[in-house]
Amino acid sequence: MAEAMKFYGTGRRKNAVARVWVKPGTGNITINDRELGNYFDKATLEMIVRQPLVLTSTLDKYDVVATVKGGGSTGQAGAVRHGLARALVAADADMRPALKAAGFMTRDPRMKERRKYGLKKARKASQFSKR
């Protein structure tokens, strides 16, 4: 019965993929078996993760457990936010319009551009010299 109260959402950003579970609780946020403050070193990244909960006024109503892989810290924070928004909609569909208007339900499509042959990076070429 207690397992039926868990709600799941998958979030993605850049190369990071987050699996997020939300269940009724006191507001604990755990990422990769670590507390939110211990996992992200910057306060802005913690704020990004909390945005869907603050917007829907459910900061102290749900416990969040997330597993995130790949990418860097900013991409992981964005992936957790995306997954958390999806999990909140699974828990209560009435939250969808507010989360959609804030842009938390939309997958950010920006990715790193692939490296092309003959170049040093995606667009960086070696310096041109006439002689």
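The values are calculated or read from the model by the stated rules, or taken from the named source; none is laboratory data. The shown structure was predicted, so the numbers you read here are calculated from the model rather than taken from an experiment. Backbone-built Cβ (ideal geometry, glycine too); neighbour counts: all protein chains shown.
See the values below:
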{"quantity": "Criterion (in contact (Cβ under 8 Å) with a residue 12 or more places away in the chain and of a type outside the set (Val, Ile, Thr)) met by exactly one of 131, 81, 96", "calculated": "81"}
{"quantity": "Selection status of residue 87, under 12 Å from the mean Cα position of the chain (by Cα) and within 22 Å of residue 26 (Cβ to Cβ)", "calculated": "yes"}
{"quantity": "Within region 49-61, tally of residues that are touching a residue at least 24 places away in the same chain (Cβ under 8 Å) and over 17 Å from residue 34 (Cα atoms)", "calculated": "9"}
{"quantity": "Per-region count, region 108-119, residues at pLDDT 95 or above and among the basic types (Lys, Arg)", "calculated": "3"}
{"quantity": "Odd one out for residue 56, checked against (1) of a type in the set (Ser, Thr, Tyr); (2) within 17 Å of residue 25 (Cβ to Cβ); (3) within 10 Å of the chain's Cα centre (by Cα)", "calculated": "(3)"}
